[in-house]
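Structure first, then comments.
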Amino acid sequence: MKYRQLTKEQFESLHKEFAQFLATQKIDIGEWNKMKSQNTALVEDELNLFSDLVWDDVLNKVEYLEHFSKTSVNLFKCEKEAVYRIVVTINKEIDLLSEQGYKWLLENPKNTAVDYLKGSKIY
C-alpha cells in the first residue's frame, strides 16, 4: 500500500466507483459479500488497492498545495517532473492560522521577522 486507506466516509462517497472497480476485478456483489464474511484479508487487500488508485488519481491532478501552521506557510507548485516550494516563516508572536495573523503577513511581507526559503526537487 502506497498511501493510507480511504476512510469509511470516503468509501461511501465513492461507492459507484468502488462497485466499478470490483467489477474490473471480476467481483460481483454476491462474491463481495462472501469475501467480507469469509476472507477479511482479501477484503483489506481490495480496499487498499482501490485506495491507492484513488490517491494516485488525486495526486496526479494536484497542481498547487498549501500548508499553514501558526508560524509558517508552505506553498508547493507540482509539475510533471519537479515540485517547487516556497516557505514563509514568521519569527514573531504571530499566529498565521488566525485572520489577524494572516492579515499581518499580507501587510508586512518585508518585515525582518519574515523569512523566505525557496527550493525545488526534480523527480
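Bear in mind that the values in this text are calculations on the coordinates, not laboratory data. A quick note: this is a predicted structure, and the numbers were derived from the prediction, not measured. Quick reminder, even Gly has a Cβ in these numbers, built from the backbone with ideal geometry, and neighbours come from all protein chains shown.
Here are some notes:
- Single residue of the stretch 57-86 satisfying the filter (assigned to a loop (DSSP other than H, G, I, E, B) and among the basic types (Lys, Arg)) that is nearest to Leu6 (Cα to Cα): Lys80
- Candidate set from the stretch 105-123 (those that are loosely packed, with under 10 Cβ neighbours inside 10 Å and in a helix (DSSP H, G or I)); member that is nearest to the chain's Cα centre (by Cα): Leu106
- Checking each residue in the stretch 87-104 for being within 13 Å of Ser69 (Cα to Cα) and either hydrophobic (A, V, I, L, M, F, W, C) or assigned to a helix (DSSP H, G or I) (or both) picks out Val87, Val88, Ile90, Ile94, Leu96, Leu97, Glu99, Gly101, Tyr102.
- Candidate set: the stretch 1-25, residues that are farther than 17 Å from Met35 by Cα and hydroxyl-bearing (Ser, Thr, Tyr); chosen: the one surrounded by the most Cβ atoms within 10 Å (Cβ to Cβ): Tyr3
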